[in-house]
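Accompanying notes for the structure given below.
The values are calculated or read from the model by the stated rules, or taken from the named source; none is laboratory data. Since we're looking at a predicted model, the values are computed, not measured. Every residue, glycine among them, receives a Cβ derived from its backbone with ideal geometry; neighbour counts consider all protein chains shown. With ligands, DNA and RNA removed, areas are computed over all heavy atoms of the protein, side chains included. Shrake-Rupley method; radii C 1.70, N 1.55, O 1.52, S 1.80 Å.
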Amino acid sequence: MQTAAVMQRLPDNRNKIGDQMKEKTMIQRITWVSVLGNVILTVFKLFAGVSGGSGAMISDAVHSLSDVITTLVANLGVKLSKQPADKEHPYGHERMECVASLILGALLLVTGIGIGRVGLGHILFGHYERIAVPGDIAMIAAIASIAVKEGMYWYTRYYAGELNSPVFMADAWHHRSDALSSIGSLIGITGAKLGFPVMDPAASVIICLFILKVSLDILKDAVRNMTDTSCGSDFEKRIRDFVAAQQGVDRVDLIHSRMFGNKAYVDIEISVDGDKTMREAHAVAEQVHLGIEQNFASVKHVMVHVNPMDERE
């Protein structure tokens, strides 16, 4: 019996190792595509901003540079979160993603405030007649950035979904914010070329607002995942319906869930026939336990408590 049980677990272990290798490949792929893409964009935008005389494009270049840093932070956070549980962290390391998201959000917040401060300074205290009209290269850089960053958003979002990674999803939205900020740059550059030089620094303020919005959303989501927030009524209802349909379960008495990084923990109480032996009741609880973990990918662990069901109830 023991040999059969070991043989039964071997495919699961092989699948687990295969999944880990697949995850590692996806993490490396997202990181390198994002880092190389943003380094190229940063250099091109900075060149276009300086040679084309566009403060908005220089601000956009800073935004792309911050993307490089945040992607490296996201990569580190995901790698740390994938480490197995140990003596000091018996529940695992999933919350390292939350820590990485907090760092990412804070970096974005500082970047956004810095860009907005420069743009507001030019608007409030600048001499618009001295502001040079941006060159065509700045406009070309803005258009190229919109296309590339939108593509990187969808690419990173896809793999973030495959990995169930909040920090890489946050990084995807950072790419989207860069695409939106490049739209702001394009509007500002176009307005300046049409004879409204104030539009260029105004675009920097628009970029700042986009960055601040994304940074606050990332920080909010990270805090939510670190404070044992419930997984939501819809999620708990699906769990309840699944458990109620299991053989031997007479009633679902209680269900609590909480987020732990990008994973969920579930505590549940069920009622079974009070005349069952301890072994029989345990078998029902084990069936519920394994069933939830196998059918709900986001659930890391389930604790099942059994109550005796009296025939009079």
Which one of these does Lys193 not meet: (1) closer than 30 Å to Tyr91 by Cβ; (2) modelled with pLDDT under 85; (3) charged (D, E, K, R); (4) touching a helix residue (DSSP H, G or I) at 6+ places or on another chain (Cβ under 8 Å)? (1)
Hey, among Arg176, Arg240, which residue is over 16 Å from Lys263 (Cα atoms), basic (Lys, Arg) and buried (at least 18 other Cβ atoms within 10 Å of the Cβ)? Arg176
Working only within segment 244-255, note down all residues that are open to solvent by 30 Å² or more (accessible area, probe 1.4 Å) and not in a loop (DSSP other than H, G, I, E, B). Ala244, Arg251, Asp253, Leu254
Residue in segment 270-298 that is least open to solvent (accessible area, probe 1.4 Å), counting only those that are assigned to a loop (DSSP other than H, G, I, E, B) and of a type outside the set (Val, Ile, Thr): Phe296
When Arg238 is evaluated against the numbered criteria (1) assigned to a loop (DSSP other than H, G, I, E, B); (2) modelled with pLDDT of 90 or more, which criterion, by number, is the only one it fails? (1)
Could you please let me know if Ile183 is at pLDDT 80 or above, open to solvent by 50 Å² or more (accessible area, probe 1.4 Å) and either touching a helix residue (DSSP H, G or I) at 6+ places or on another chain (Cβ under 9 Å) or closer than 22 Å to Ala74 by Cβ (or both)? yes
Residue hits (segment 256-269; modelled with pLDDT of 85 or more and open to solvent by 40 Å² or more (accessible area, probe 1.4 Å)) are His256, Arg258, Asp267, Glu269
Return the residue satisfying two criteria in turn: it lies in segment 73-99 and is among the basic types (Lys, Arg) and in a loop (DSSP other than H, G, I, E, B), and of such residues it is nearest to the chain's Cα centre (by Cα). Arg95
Does Pro201 satisfy the criteria of being at pLDDT below 80, of a type outside the set (A, V, I, L, M), open to solvent by 30 Å² or more (accessible area, probe 1.4 Å) and touching a Gly at 6+ places or on another chain (Cβ under 9 Å)? no
Of the residues Cys231, Cys208, which single one is at pLDDT 80 or above, part of a loop (DSSP other than H, G, I, E, B), open to solvent by less than 70 Å² (accessible area, probe 1.4 Å) and not β-branched (Val, Ile, Thr)? Cys231
Taking Ile30 as the residue in question, decide whether it is aliphatic (A, V, I, L, M) and in contact with a helix residue (DSSP H, G or I) (Cβ under 7 Å, 6 or more places away or on another chain). yes
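Let's see how each residue does on (1) assigned to a helix (DSSP H, G or I); (2) within 18 Å of Ser34 (Cα to Cα); (3) open to solvent by less than 80 Å² (accessible area, probe 1.4 Å):
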position	(1), (2), (3)
Thr71	yes, yes, yes
Ser101	yes, yes, yes
Pro134	no, no, yes
Trp154	yes, yes, no
Arg157	yes, yes, no
